[in-house]
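Throughout, read-outs are computed from the coordinates displayed, never taken from laboratory work. In this text the structure is predicted, and so the values were computed from the model without any measurement. Don't worry about glycine lacking a Cβ; one is built from the backbone with ideal geometry, like all the others, and counts go over all protein chains shown.
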Amino acid sequence: MSFGDKVHNVVFVLGPPGSGKGTQCSKIQSNLGFIHLSAGDLLRAERQRKGSEFGELIETHIRNGSIVPVEITCKLLENAMLASGDSVKGFLIDGFPRNQDNLDGWQREMSDKVKVHFVLYLSAAIEVCVQRCLNRGQGRTDDNEESIQKRIVTYNEQTFPIIKHYEKLDMVREINGEKSSDEVYAEVERAFKNAGFRHHA
Ligand code: UDP
Ligand code: MG
């Protein structure tokens, strides 16, 4: 399998844990026809896969809120993109790139295969994010006080600088993620329209 000559459209979706990335991405997928790829979900699936040599390593990183080496995450993303076929409108890459290692690895592997249009940045106060993670009941091994605190430190120290990097390139579209999911989505859709992406027929 290969990407052939097609350059795929990509939008990165970043923001603190619990800022609503997954929720907004599923709305974008149903309304605008982008394919939602959550790096966290792909890592959790790989962790569960029988015979995976990375299961334990992934679980350790997830519990500690630290970042899995990019070679693993980028491969999972690339495989998921390949599996989606050639006719897709584009990909929402949710929760990636989370640190400089992620960004460097992505550039190395993917820069000639994709066009990153912008970074959708869902911002929200940390207290709001913590409450949402504690209340969402998805049974995640990292939705406990201790892991959440670690994820927030990682976000502030490693992910926020990546958002700043894209801000310097004028590629960040920041949306306040604290409102209701429908209110947030209205603004999200405006950001996509401004970038030339419209409702699918
Ligand atoms: N993770 C990672 N690399 C990624 C995405 C996720 O290492 O590109 C790991 C990391 O340990 C993170 C966890 O998976 O804390 C959960 O990520 P997810 O995006 O699902 O959750 P969020 O913290 O945004 O709610
Ligand atoms: Mg998520």
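Evaluate the relative contact order of the chain (contact order divided by residue number), counting alpha-carbon pairs under 8 angstrom at least 6 apart; express in whole percent.
Relative contact order of the chain: 35 percent.
So if I take the centroid of the Cα atoms in the range 140-159 and the same for the range 1-56, what is the distance between those two points in Å?
With the range 140-159 and the range 1-56 each reduced to a Cα centre, they are spaced 19 Å.
Tabulate in residue order the Karplus-calculated ³J(HN,Hα) for the range 138-146, using 6.51 cos²θ - 1.76 cosθ + 1.60 with θ = phi - 60°, rounded to whole Hz; enter x for Gly and Pro.
Once θ is set to phi - 60°, the couplings for the range 138-146 become 8, x, 6, 6, 10, 8, 10, 3, 5 Hz.
Can you tell me the Rg and the Dmax, both Å, for the Cα atoms in the range 73-201?
16.1, 45
Could you quote the convex hull projected area for the range 40-137, Cα atoms only and averaged over all directions, in nm²? Kindly include the intermediate steps, with their values, before the conclusion.
Working: hull surface 31.4 nm².
Directional mean of the projected Cα hull area for the range 40-137 stands at 7.9 nm².
Just to confirm a number: summing +1 for Lys and Arg and -1 for Asp and Glu over residues other than residue 7 whose beta-carbon lies under 9 angstrom from that of residue 7, what do you get?
That sum, taken over residues with Cβ under 9 Å, equals +1.
List the residues whose amide H sits under 5 Å from the amide H of residue 38, counting only those 5 or more places along or on another chain, with H placed 1.01 Å from N in the peptide plane.
Placed amide hydrogens put 94 under 5 Å from residue 38.
Considering the Cα trace of the range 95-142, what is its radius of gyration and what is Dmax, both in angstroms?
15.2, 41
As an exercise, take the mean of 1/r over every pair of distinct alpha carbons in the range 1-83, invert it, and state the Kirkwood radius in angstroms.
Numbers: mean 1/r = 0.0701 Å⁻¹.
Taking the inverse mean of 1/r over all distinct Cα pairs, the range 1-83 comes out at 14.3 Å.
Work out from phi, with θ = phi - 60° and the Karplus expression 6.51 cos²θ - 1.76 cosθ + 1.60, the ³J(HN,Hα) of each residue of the range 73-83, listed in order in whole Hz, and give x for Gly and Pro.
5, 5, 4, 4, 5, 5, 4, 5, 5, 4, 5
In the neighborhood of residue 37, defined by Cβ-to-Cβ distances under 11 Å, what is the net charge if each Lys or Arg adds +1 and each Asp or Glu adds -1?
Neighbourhood net charge equals -3.
Enumerate the calculated ³J(HN,Hα) couplings along the range 15-30 in order (Karplus 6.51 cos²θ - 1.76 cosθ + 1.60, θ = phi - 60°), each rounded to whole Hz, writing x wherever the residue is Gly or Pro.
Using θ = phi - 60°, the values come out as x, x, x, x, 7, x, 4, x, 4, 5, 5, 5, 5, 5, 4, 6 Hz.
Just to confirm a number: summing +1 for Lys and Arg and -1 for Asp and Glu over residues other than residue 94 whose beta-carbon lies under 14 angstrom from that of residue 94, what do you get?
Cβ neighbours under 14 Å give a net charge of +3.
Within the chain, how many lysine pairs that are 8 or more places apart, or on different chains, have C-alpha atoms less than 21 Å apart?
Taking the Cα cut-off of 21 Å, the pair count is 25.
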